[in-house]
1. List the residue pairs whose Cβ atoms are under 6 Å apart, where the first residue sits in region 145-159 and is on the phi > 0 side of the Ramachandran plot, the second is modelled with pLDDT of 95 or more and among the hydrophobic types (A, V, I, L, M, F, W, C), and the two are 6 or more positions apart or on different chains.
2. Taking the condition of being part of a helix (DSSP H, G or I) and basic (Lys, Arg), how many residues in region 34-80 meet it?
3. Just for helices (runs of 4 or more DSSP H) wholly inside region 204-261: which have at least 2 residues that are outside the structural domain of Gly69 (by TED's automatic domain parsing) and free of Cβ contacts under 8 Å to residues at least 24 places away in the same chain?
4. Only one of these conditions is not met by Asp155: (1) modelled with pLDDT under 95; (2) of a type in the set (D, E, K, R); (3) surrounded by 14 or more Cβ atoms within 10 Å (Cβ to Cβ). Which number is it?
Amino acid sequence: MASQIRASVAYVAISLVSVALVSSFGQAVWAGPLEDGKAAHLRKDYQAAMALLRPLADQGNPVAQCEVGQLYEEGMGGEKHWDMDSAFPWFQKAADQGNVQAQTFLGFYYLNKGQGFGAMADQPSHDGVYQPTAAQSQALAESLKWFHKAGNLGDARALWRIGRAYEDGLGGADGLGAAYAADSPHYSYNELRLLSKFGVPRDYVQAYKWYSLAADSGNNSVARQRDALAAKLTPSQLSEGKRQAAQWRAHHPKPIWSEAC
C-alpha cells in the first residue's frame with residue numbers, strides 16, 4: 001500500500017511539473033514574438049507588427065488581439081485611419097477575455113457610433129439637452145457599459161469618459177439596467193438607476209466623483225477638469241462627491257492612464 005501511495009504521489013508531482021512546463025513554454029513561445037510585435041508597432045513598422053502579432057491573435061492571445069485591433073484602428077500606417085470595421089472584431093475578442101484597453105477601445109467605438117455625449121445642434125433637444133435617437137441610445141448604453149467594465153479594472157481613460165458623460169448629460173428616462181447591476185456590485189441603486197438605456201442625466205456630483213478617480217492616475221489635465229467642476233458645487237455636493245470617490249477606491253485598483261494593450 002505504501003509503495004502504491006508513493007507511486008501515486010510521484011505521478012501527481014510529475015504531472016504537475018509537466019503542466020507547469022507546458023504552461024511556461026506556451027507563455028515563452030508567445031513572449032518573444034509578442035514583445036517584438038509591440039516594439040514594431042511602437043516604431044510604426046505596421047507590416048512587421050502585423051506579421052508578428054496576427055498569428056498570436058489567431059491563437060487567442062488577448063494582448064495580441066488588442067494590438068491587432070490598434071493596428072487596424074490606426075489604418076496600418078496608410079491613409080485610412082480609424083478603420084473600426086476591421087479593428088472592432090479584435091477589440092471584441094480581447095475585451096471578452098478581460099483585456100482592459102480593449103474594453104476602453106470598445107467604449108470609444110460605441111461612443112463614436114452614438115455621436116458623442118452632450119448637446120448637438122443638429123439634433124432635437126428638450127430644455128437644451130440632447131435627445132439621442134433609439135439607435136444612438138443603444139450605442140451610448142454599450143459605450144457606458146464598456147467604460148464601466150474597464151474603469152472597474154482601473155483604466156483612467158474610461159473613468160474620465162464616464163465623468164464627461166455626467167458633466168455633459170444625456171436626456172432620457174431613468175431605468176435600472178440589469179447588465180450594469182451585474183457588472184457593478186459596488187454601485188448604489190441610485191447610481192445604477194442613472195445608467196438607463198437612454199444615457200445619463202447631467203449630474204455634477206457624479207462627474208466630480210469620476211473625474212477624481214481618473215485624476216488619481218496623475219493626469220494633470222483631468223485634475224484641472226475636476227477642480228474646475230468643483231467650483232460649481234456646493235460644499236455639501238463637494239463632500240458627497242469626495243465620499244463616493246473614496247467608497248469606490250475601497251473596492252477597486254488605483255487607476256492608470258495608459259493606451260498600451
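1. Gly154/Ile256
2. 2
3. 220-230, 235-249
4. (1)
The values are calculated or read from the model by the stated rules, or taken from the named source; none is laboratory data. Predicted model, so just to flag it, every value in this text is computed and none were measured. FYI the Cβ positions are ideal-geometry reconstructions off the backbone, even for glycines, and counts take in every protein chain you see.
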